Each structure stands twice: as C-alpha cells, then as structure tokens.
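Visitor: Please find one structure pasted underneath; my questions will follow.
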Amino acid sequence: MEWYSGLKMIHMLTAALTALLFVTRVGLDAAGKPGWRTTPLRFLPHINDTILLAAAIGLVIVTPWMPFVHHWLTLKVLLLIGYIVAGLIALKPKYSRKVRVLAAAAALGQLVLIFALALHKPTF
Ligand code: HEM
C-alpha cells in the first residue's frame, strides 16, 4: 500500500493534464492555429498519457479495484477507448470541420463521464 498515494497522485495529476492538453490542442485548431503540431504539444500528450495509463495499471495492482469486477472501472476503460478514437478523429486535419467538431464534443463528453465515474465510483 505504500505505493498507493504516489500512484494516485500521479494518476490524478496526469488525468487533469490529459484534459488540459486535449482542450488546448482542439482550441488552437478551432482558433485556426494548427502550428502546435510543430511544437512539443505534438508529443507531450503522448508522454503524459503513457504515465497516466502506467499509474492506472499500478492502481489496479495495488488497490482492490478490478475492471470486469467493478463495473464503474469496466465502463471507464470502455469510455477511455471511445475517448481515444474520438480524440484521434478530432485532431486529424484530413477530416472535415463538422466531423472534427462532433468528434471533439464526443471526446469531451466521454472524458467528463470518465472523471465522474472515477470520482463517484458508482456500483452497477
Ligand atoms: C483518461 C483516462 C482516465 C482519467 C481521466 C482518470 C481519472 C481518475 C481520477 C481523477 C481518479 C481519482 C478519483 C478519486 O478522487 O478517488 C481516478 C481513480 C482511479 N483510476 Fe482512473 N482515470 C483514467 C483512466 C483509468 C484507467 C484506464 C484505469 C484502469 C484500467 C484507471 C484506474 C483507476 C483506479 C483503480 C482508480 C481508483 C483509485 C482509488 O480511489 O483508490 N483509471 N482516475
């Protein structure tokens, strides 16, 4: 259990950063500034998300919470997959503006649900 507080702190910090970095990139695209793709914003989110997921796996190991046993966590993993797919579409210049706006809204909606599930841990 000595790992728990450190892992949880890292998980929560990188979770907040993932939201901030996604909103920043979508916001810059919406403002007609796609140049962020030539800045560290291109790779920083990937490093952050890798740390977020590593801490998530660590939490599953050191806490009693288990996907497919505790369904708030199962749903969280499914929403994470949906968030990744929608987020990829939202940030790909090859898609139309309409598709990207819809994808960004879907990604943000799923991210809000992920945070709500994490904070409330409902039983199903
Ligand atoms: C974008 C993805 C994710 C976000 C934004 C996120 C966010 C959060 C947040 C904010 C908490 C702290 C809630 C609290 O105050 O108690 C949390 C807890 C937790 N997360 Fe995540 N999470 C994500 C992905 C994952 C994944 C993929 C897993 C596991 C496969 C996971 C496993 C856990 C566990 C087990 C806890 C509970 C720790 C505890 O309260 O004892 N998370 N998550």
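Visitor: Could you pull out every one of the lysines with an alpha carbon less than 27 Å from that of LYS33, ignoring same-chain neighbours closer than 8 positions?
Guide: The qualifying lysines are LYS92, LYS94, LYS98.
Visitor: Using a Cα-Cα cut-off of under 20 Å, which aspartates and glutamates could be cross-linked to LYS76, ignoring same-chain neighbours fewer than 8 residues away?
Guide: Once the sequence-local aspartates and glutamates are set aside, what remains near LYS76 is ASP49.
Visitor: Separate question: Compute the normalised compactness of the chain: alpha-carbon radius of gyration over 2.2 N^0.38 Å, N being the residue count.
Guide: In units of the globular-protein estimate, the chain measures up at 1.13.
Visitor: Find the accessible area per residue for the chain; the probe is 1.4 Å, ligands and nucleic acids are left out, and the unit is Å².
Guide: 65
Visitor: Same structure again: Using a 10 Å cut-off on Cβ atoms, rank the peptides 58-68, 43-53 from the highest mean neighbour count down.
Guide: By packing density, highest mean first, the sequence is 43-53, 58-68.
Visitor: Oh, and also: Under the 0.36 nm per residue contour assumption, what length would be gained going from the current alpha-carbon distance of LEU75 and THR39 to full extension?
Guide: 9.6 nm
Visitor: Now a separate question. Quantify, in whole percent, the carbon and sulfur part of the accessible surface of the chain (1.4 Å probe; protein heavy atoms only).
Guide: 77
Visitor: What does the charge count near ALA118 come to, summing +1 for each Lys or Arg and -1 for each Asp or Glu among other residues with Cβ under 15 Å from its Cβ?
Guide: Value of the local net charge: +3.
Visitor: So if I place +1 on the C-beta of Lys and Arg and -1 on the C-beta of Asp and Glu, and nothing else carries charge, what would the dipole magnitude of the chain be about its Cα centre? I want it in debye, nearest 20.
Guide: 600
The values are calculated or read from the model by the stated rules, or taken from the named source; none is laboratory data. Keep in mind it's a predicted model, so treat the numbers as computed, not measured. FYI the Cβ positions are ideal-geometry reconstructions off the backbone, even for glycines, and counts take in every protein chain you see. Protein only, heavy atoms only, side chains kept; ligands, DNA and RNA dropped before computing areas. Shrake-Rupley method; radii C 1.70, N 1.55, O 1.52, S 1.80 Å.
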